[in-house]
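> Structure provided below as structure tokens; questions to follow.
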Amino acid sequence: MNTPVETLEFQAEARQLLQLMVHSIYSNKDTFLRELISNASDALDKLRLETYRDKDLVADTSDLRIELVTDRVERTLTIRDNGIGMSRDEVVGLIGTIAKSGTAEFLRKLKESKDNAASQDLIGQFGVGFYSSFMVADHVTLVTRKAGEDTGTRWESAGEGTYTIETVDDAPQGTSVTLKLKPEDTEDHLYDYTAEWKLREIITRYSDFITWPVRLEVERTVEDKTTTEFETVNSGKALWARSKDEVPAEEYTEFYKHVSRDWNDPLETIHVRAEGTFEYQALLFLPAKAPYDLFMRERKRGVQLYVKRVFIMDDCEALMPEYLRFVKGVVDAQDLSLNVSREILQQDRQIQLMRRRLVKRVLSTVKTMMTDAPAKYSTFWTEFGPAVKEGLLSDTENRETILDIASFPSTHDASTPTTLADYVERMPDDQEHIYYMTGASRSIVESSPHLEAFRAKGLEVLILTDGIDEMWVDAGEEYRGKKFQSVAKGEVDLDKDKPEDSGEFEPLLTWLTENLTDSVKQVRLSSRLTTSPACLVGEAGDLTPTLEKMYRAMGQPVPSVKRVLELNPEHALVTGMRTAFTAGGHDTELGETAELLYGMALLAEGGELPDPAQFTKVLADRLARSL
């Protein structure tokens, strides 16, 4: 016999929460089903664990499952399981009140939330997943019986501040939640949750990898005869939870395409299983081709977060740094709350520890590829090298490892990039720096006069043409005790044994510095030129012209930096200018020659003339007089 029905009131805070749920504060109402299926999965997990602990527990564990039943006429949806169930006291404590779940804090954060997407992340964080039912239902009925007990409990509420509770004798083991659904309203993101296609869509998206079978009652018509049957909707194939040896390569490839929406096979698969105080599994993939939006601001990171095989979020930024945004896959944590917010994930100590380990695993995988699969590594670096090098600015902990796995074009080989380790191995014993030059392209760098002396002496120079190169090499990097030195910056002394005698050029250099003061900060002799008459170099701490342009393009004002004009003392034009100057040629023609010399140096490095028309006029006049 059923006991009399009791009508009880929710707490004041619970009433506020119910009102918010009823009035649809969340745009993504589909997540109610994820929460209820997750609760059911937890109940099945608990029953299995309890039967291990208590061998005398009377419970049916022969076919543990989650079932969904719909009634399109009555517009009801029932989610039921045959798990651990709840006693009457547990129903009152866990469902009738949510004081233990931190409701006040939940409401405070909800009010602080600026948009629906952010507020959506709060469901589940404070144990209010069950209450999300009221987003889609006018009335909720819960019937439950705890395993090992003889009687069950019925709980009902319309979400209006009160609920009823009674003891029932005929409740099966486990819990069923029946929702009297609200009318469909697609404008309010309220869909028909009795529709088979919609339920399949939600289960596939959020609950596909739950261990227990999620079965949906479906209608099938054969020869004009309609029957109903239960069909398992979720795959239950959590590849990350299985041993790597048990999973064929084809299944990994299929799974990668599922999570990445990529038609290509993955370049590399990374399977991680961490046990101990903080358990998690991860199945990560390195793509074979960079996505079109790799460098777009609105791109997504790609790593999905699960908690106990329940989908939480698509692009979990807390798990993978920006410079590894191309990594795809799944991370499944065992000890996190469902649907924790992005803000809390960024601050969670366990998440930070997990992120550190995953980053190191990805970088070590690339390092292994360098030696074990050089063709794969070459593909990886060609596609993702520019993004990985961003980590040299943002990830100080792994900077050395990133430099280890990086490779760069250099003057050593026109077709094959070099690693820094190989560069250092080839360095002469007396070479103190790793030489490099930045530029828009290899051809521009190779034609630069800055390389002349280095090429003549057989000194290797790295050719850095990615935009990010301008920034990380400027941050004072070094590798294995060797500092990076730009061949276009500072003074370069490649002829240490050659005595420097600039005395006879000093008057000319002083005059040129004064004459070109609007364009350069100094004119001096160069040891880096062999065939060109002049080049422009920056001082050690100056911004490069390319970096100046980048900052201005980003809307950041930067002062124009004057550079140094270096002259080749052995070039006929320079010696001719010295002779003319010594002979008293401080006239207009020598000033025009100085102007042309500066313009040629600017053009030789691929720069832009400040006044092309004036340069062309002076050049044309000089050419005409030479005929």
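The values are calculated or read from the model by the stated rules, or taken from the named source; none is laboratory data. Keep in mind that what you see is a predicted model, and the values were worked out from it rather than measured. Please note: Cβ atoms are built from the backbone with ideal geometry, for glycine as well, and neighbour counts cover all protein chains shown. Note: areas computed on protein heavy atoms with side chains; ligands, DNA, RNA excluded. Shrake-Rupley method; radii C 1.70, N 1.55, O 1.52, S 1.80 Å.
> Under 24 Å from the Cα of LYS521, which lysines turn up, not counting those fewer than eight places away in the same chain?
LYS489, LYS549, LYS562
> Report the one residue of ILE270, PRO248, VAL233 whose Cα lies farthest in the direction of the positive end of the charge dipole of the stretch 221-270 (charges on C-beta: Lys and Arg +1, Asp and Glu -1; origin at the Cα centre).
Most positive-ward Cα: ILE270.
> Using Cα positions and a limit of under 27 Å, work out the lysines in reach of LYS146, with same-chain residues fewer than 8 apart set aside.
LYS46, LYS55, LYS100, LYS180, LYS308
> Sticking with this structure for a sec: Run the quick spin-label model on GLU279 and ARG622: label points 7 Å from Cα toward the beta carbon, then report their separation in nm to one decimal.
Modelled inter-label distance: 7.8 nm.
> Just want to confirm a number: the relative contact order over the stretch 450-576, from Cα pairs under 8 angstrom separated by 6+ residues, in percent.
Averaging sequence separation for qualifying contacts and normalising by length gives 29 percent for the stretch 450-576.
> Between ARG297 and LYS225, what length in nm is gained on full extension when 0.36 nm per residue of separation is reduced by their alpha carbon distance?
Between ARG297 and LYS225, full extension yields an extra 20.4 nm.
> Just how large is the dipole of the stretch 133-252 about the Cα centre, in debye to the nearest 20, putting +1 at every Lys and Arg Cβ and -1 at every Asp and Glu Cβ?
In total the dipole reaches around 420 debye.
> Compute for the stretch 294-338: radius of gyration divided by Kirkwood radius, i.e. Rg/Rh, restricted to C-alpha atoms, rounded to two decimals.
Here the Rg-to-Rh quotient is 1.01.
> Follow-up question, since we're still on this one. Could you report the accessible area of THR226 in Å², rounded to 10, computed with a 1.4 Å probe on the protein chains as they sit in the structure?
Here the residue's solvent-accessible area equals roughly 80 Å².
> Sticking with the crude label model, points 7 Å out along Cα→Cβ, report the distance from ALA456 to THR396 in nm, one decimal please.
Inter-label distance under the simple model: 4.2 nm.
> Peptides 35-46, 164-175: what's the order by average Cβ count within 10 Å, highest mean first?
Taking the mean over residues of other Cβ atoms within 10 Å, the ranking is 35-46, 164-175.
> Continuing with this model, one more query. Taking the Cα centre of each part, how many Å lie between the stretch 567-618 and the stretch 430-464?
Here the two parts' Cα centres lie 24 Å apart.
> Now for a separate question. Ignoring solvent entirely, what values of log10 I(q)/I(0) come out of the Debye formula for the stretch 125-217 at 0.20, 0.25 Å⁻¹ when each Cα is a single scatterer?
Relative scattering, expressed as log10 I(q)/I(0), comes to -1.21, -1.31.
> Of the cross-linked pairs LYS457/LYS482; LYS257/LYS300; LYS257/LYS367; LYS300/LYS389, which ones have a Cα-Cα span greater than 21 Å in the structure shown?
LYS257/LYS367
> Which percent, nearest 5, of DSSP beta bridges in the chain are antiparallel?
75
> Report, in degrees rounded to the nearest 10, the 0 to 90 angle that the Cα long axis of helix 249-260 makes with the longest principal axis of the chain.
The two axes meet at around 80 degrees.
> Something else about it: Once every DSSP H run of n ≥ 4 in the chain is given -39500 (n - 2.57) and the sum is divided by its residues, what mean residue ellipticity at 222 nm do you get, rounded to the nearest 500 deg cm²/dmol?
Only helices count here, giving -10000 deg cm²/dmol.
> By accessible area of protein heavy atoms, probe 1.4 Å, what ranking do LYS300, LYS146 get, highest first?
Per-residue accessible area, sorted high to low, gives LYS300, LYS146.
> What accessible surface, in Å², does a 1.4 Å probe find on LYS617, ignoring ligands, DNA and RNA and rounding to the nearest 10?
120
> Ignoring ligands, DNA and RNA, how do SER394, SER407 rank by accessible area with a 1.4 Å probe, largest first?
Highest to lowest solvent-accessible surface, that is SER394, SER407.
> Cα convex hull of the stretch 507-627: how many Å³ per residue?
Considering the Cα atoms of the stretch 507-627, their hull volume per residue is 119 Å³.
> How big is the gap, in Å, between the Cα center of the stretch 518-553 and the Cα center of the stretch 253-284?
For the stretch 518-553 versus the stretch 253-284, the Cα centre distance is 48 Å.
> How far apart, in nanometres, would the label points at ASP71 and GLU446 be if each is projected 7 angstrom from Cα along the Cα-to-Cβ direction?
So the label points at ASP71 and GLU446 sit 7.9 nm apart.
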